[in-house]
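Contents: one structure, followed by commentary.
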Amino acid sequence: MQEESMRAQSGQRPVFRFAPSPNGRMHLGHALSAILNYDMAAEAGGSFLLRIENIDLSRCTPEYEAAVYDDLAWLGLRWDDPVRRQSEHLDTYAAVLEELVDRDLVYPSFMTRGEVKAVVGDYEAAGGIWPRDPEGSPHYPDQDRRRSPAERKELLARGVRHAWRLDMEKAVAFVGRPLAWRETGKGTEHGVEADPSAWGDVVLSRSDAPSSYHLSVVVDDASQGITHVVRGMDLFHATSLHRLLQELLGLHEPVYHHHRLIKGEDGRKLSKSNGSTALSDLRQAGVSPAQIRRCIGL
Ligand code: GLU
């Protein structure tokens, strides 16, 4: 990717970011993402920012966050200040959610996972095909979406546990035109048609967490002025949703680059529980940052 073309695309200095969640040790897959972002930012004469995606306070710890800084520094990466820590911006996400509530684009949903499973199970047992999202989870049933404002108010007033979900049909209708994004993951830039409806009524906020990944990622990419989102192929389909949210909220649209994933020996995507490729273990075993680069094909 050439510096000139990047500048022409965005009309501003390119800004890249690496956005790990400190809920486990970083592995080779994180190294690939971080180094790619860093190298692409350097090549484009842009900046490289860091974001700590720690809205899930039950799983993210200060120790894992400290390890992120250590591992990245060991890999030889430097980032521009300030680091954005999502836990310091919960009010911002809450305000954006509030705006969507006011615009009637989200609704409170009250069904538990078990209740959803039962509805879907009954439907499928009767021979029906229930729609599923790109990750294989069933779409949320429409009972709660069809509730009257009075009913919703009453359930909320009773303190019934709930999550806020995007009313996908309304959101898509509000935007009123097909969406796409610019993708450079396969080399040359091309347009990819977004299909947000494939996700159904996604959760934007839960009672036990003030925001969801999808809501905070688009708010943060805009707040940090990100022009290029470089991340794993596992988030390719999520980009459909991110484009819809950007459009609803009037946020700037970055260029996307979804990169290959590093597979474990079993052929599956690496996970944080798979200790054998943890960067800290490799470092302790005497592996050098240059060897890490070679090992992940850079
Ligand atoms: N926090 C996400 C992860 O660790 C990455 C999100 C993104 O790059 O958009 O998988």
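The values are calculated or read from the model by the stated rules, or taken from the named source; none is laboratory data. These numbers were taken from a predicted model, which means no experiment stands behind them. We place every Cβ from the backbone using ideal geometry, glycine too, and count neighbours over all the protein chains shown. What goes into the accessible areas is simple: the full protein's heavy atoms, side chains included, and nothing from ligands, DNA or RNA. Shrake-Rupley method; radii C 1.70, N 1.55, O 1.52, S 1.80 Å.
Quick notes on this structure:
- Counted residues, segment 5-31 - those being assigned to a helix (DSSP H, G or I) and at pLDDT 80 or above: 4
- Condition check for ARG243 on (1) within 15 Å of the ligand (Cβ to nearest atom); (2) more than 26 Å from PRO108 (Cβ to Cβ): one failure, at (2).
- Residues that are open to solvent by less than 20 Å² (accessible area, probe 1.4 Å) and either within 20 Å of ARG283 (Cα to Cα) or within 11 Å of the ligand (Cβ to nearest atom) (or both), drawn from segment 34-52: ALA34, ILE35, ASN37, ARG51, ILE52
- Boolean, VAL218 is within 11 Å of the ligand (Cβ to nearest atom), free of Cβ contacts under 8 Å to residues at least 60 places away in the same chain and touching a helix residue (DSSP H, G or I) at 6+ places or on another chain (Cβ under 6 Å): yes
- Test: LEU166 is hydrophobic (A, V, I, L, M, F, W, C) and open to solvent by less than 50 Å² (accessible area, probe 1.4 Å): yes
- Residue that is farthest from SER87 (Cα to Cα) [pool: residues in segment 191-225 that are acidic (Asp, Glu) and open to solvent by 30 Å² or more (accessible area, probe 1.4 Å)]: GLU193
- Residue count for segment 50-64 under the criterion of being within 20 Å of the chain's Cα centre (by Cα) and under 11 Å from GLY24 (Cβ atoms): the result is 4.
- Any hit, segment 85-105, residues being crowded, with 18+ Cβ neighbours inside 10 Å and free of Cβ contacts under 8 Å to residues at least 40 places away in the same chain: no
- For segment 226-237, the set of residues classified as more than 11 Å from the ligand (Cβ to nearest atom), open to solvent by less than 30 Å² (accessible area, probe 1.4 Å) and assigned to a loop (DSSP other than H, G, I, E, B) consists of THR227 only.
- Annotation: ARG147 fulfils all but one of (1) free of Cβ contacts under 8 Å to residues at least 12 places away in the same chain; (2) open to solvent by 60 Å² or more (accessible area, probe 1.4 Å); the unmet one is (1).
- Annotation for segment 253-270: no member residue is among the hydrophobic types (A, V, I, L, M, F, W, C), touching a residue at least 40 places away in the same chain (Cβ under 8 Å) and assigned to a helix (DSSP H, G or I).
- Residue check, PRO14 closer than 23 Å to LEU245 by Cβ, in contact with a helix residue (DSSP H, G or I) (Cβ under 6 Å, 6 or more places away or on another chain), touching a residue at least 12 places away in the same chain (Cβ under 8 Å) and not polar (S, T, N, Q): yes
- For segment 226-249, a residue qualifies if it is within 25 Å of ALA31 (Cα to Cα) and of a type in the set (D, E, K, R), and the qualifying residues are ARG231, ASP234.
- Checked against the criterion of being in contact with a His (Cβ under 8 Å, 6 or more places away or on another chain) and closer than 17 Å to PRO196 by Cα, the candidates LEU215, LEU248, LEU241, LEU279 yield just one match: LEU241.
- Considering each residue of segment 246-260 in turn, none proves to be more than 13 Å from the ligand (Cβ to nearest atom), at pLDDT below 95, of a type in the set (Lys, Arg) and under 22 Å from ASP133 (Cα atoms).
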